[in-house]
Amino acid sequence: MSTTLYDREYFEGRTRQSPPHTRELIYPWAMRTGRFLCRHMMASRSLDLGCAKGYLVEALSASGIPHSFGLDASPYAVACAENALRGRLLVGDVVTGLPFRNGSLDLVTALDLFEHLVDPLPVLIDIHRVLAPDGRAYLKICHPQHPNATRDPTHINVQPLGYWTRLFKQAGFRYRRCYETELSGETSPSERAKDLLRLMREWAAIGTPADYKFVLWKASPPTPGGGT
């Protein structure tokens, strides 16, 4: 993954033709994701792949994970992180290997990362390696029919659902697909109804859910040669 693509122009939105990657925009969404994950799994050590400026790392820490780290290929994005995150965000490329020991992490997150990878399978296998036996991975991947699929020129691997689920199995994972209504955490009927209405409006606008979301857990050793 080229680090030169993910510079100031990219994160300010000009390259992506999207709003800038700011705390005001991203952190509330990151906190919602962090709370969702911490409601459903126990974790003391987490790693966010493609962490950008570290908003999800910060949110996971605030949601109860004491040792949360991030990895991103962009020196610019990591340099923009809050001072409290310094030392917890690493500059590195996921395709060259994750700098963590086997079985050392309880949770690995990768949001809007996999559509940037030419060959996602080795990265999935490396996630399998660093996860503890009862660890979990949470992935968010761009849907082929979402406007961002073609708007961002660094989206070089936008694929249908079956492509990703086959790779999960090859990497030794079982998976469960998640949906927007689960992430809100609201339990009252009225709030759930509001969330469902927002999701229906999203579907009506773009003809499909905004993205794929998955929770993965270890099922077997990886079979990179094409096992099921």
Task: Test: residue in the stretch 84-95 that is touching a His at 6+ places or on another chain (Cβ under 8 Å), among the acidic types (Asp, Glu) and within 21 Å of Tyr10 (Cα to Cα) - done: no
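Condition check ((1) part of a helix (DSSP H, G or I); (2) modelled with pLDDT under 70) across all residues:
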residue	(1), (2)
Tyr175	no, no
Thr181	yes, yes
Glu186	no, yes
Ser190	yes, no
Lys194	yes, no
Arg201	yes, yes
Phe214	no, no
TODO: Filter the stretch 19-45 down to the residues that are in contact (Cβ under 8 Å) with a residue 60 or more places away in the chain, within 21 Å of Lys213 (Cα to Cα) and surrounded by fewer than 17 Cβ atoms within 10 Å (Cβ to Cβ), then identify the one that is nearest to the chain's Cα centre (by Cα).
DONE: Arg32
- [ ] Give the residues of the stretch 4-41 that are aliphatic (A, V, I, L, M) and outside any helix (DSSP H, G or I), sorted by residue number.
- [x] Met41
Task: Gly92 at pLDDT 95 or above, surrounded by fewer than 22 Cβ atoms within 10 Å (Cβ to Cβ) and touching a Pro at 6+ places or on another chain (Cβ under 7 Å) - done: yes
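Okay, residues lined up against (1) at positive phi; (2) β-branched (Val, Ile, Thr); (3) without any contact (Cβ under 8 Å) to a residue 24 or more places away in the chain:
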| site | (1), (2), (3) |
| --- | --- |
| Thr109 | no, yes, no |
| Asp112 | yes, no, no |
| Ile125 | no, yes, no |
| Leu131 | no, no, no |
| Ala137 | no, no, no |
| Cys142 | no, no, no |
TODO: Quick one: Ala52 ticks every box in (1) on the phi < 0 side of the Ramachandran plot; (2) within 13 Å of the chain's Cα centre (by Cα) except a single one, so which number is it?
DONE: (1)
Open item on the list: Checking the structure you have, find out if any residue of the stretch 39-52 is modelled with pLDDT of 95 or more and among the hydroxyl-bearing types (Ser, Thr, Tyr).
Closed with: yes
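A quick yes/no check of all residues on (1) surrounded by fewer than 18 Cβ atoms within 10 Å (Cβ to Cβ); (2) aliphatic (A, V, I, L, M); (3) part of a strand (DSSP E or B); (4) at pLDDT 95 or above:
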{"site": "Ser61", "(1), (2), (3), (4)": "no, no, no, yes"}
{"site": "Gly70", "(1), (2), (3), (4)": "no, no, yes, yes"}
{"site": "Gly87", "(1), (2), (3), (4)": "yes, no, no, no"}
{"site": "Leu107", "(1), (2), (3), (4)": "no, yes, yes, yes"}
{"site": "Val118", "(1), (2), (3), (4)": "yes, yes, no, yes"}
{"site": "Ile127", "(1), (2), (3), (4)": "no, yes, no, yes"}
{"site": "Gly135", "(1), (2), (3), (4)": "no, no, yes, yes"}
{"site": "Gln145", "(1), (2), (3), (4)": "yes, no, no, no"}
- [ ] Return yes when Val123 is among the β-branched types (Val, Ile, Thr), modelled with pLDDT of 95 or more and assigned to a loop (DSSP other than H, G, I, E, B) and no when it is not.
- [x] no
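The values are calculated or read from the model by the stated rules, or taken from the named source; none is laboratory data. Predicted model, so just to flag it, every value in this text is computed and none were measured. All Cβ positions, glycine included, derive from the backbone under ideal geometry; neighbour counts span all protein chains shown.
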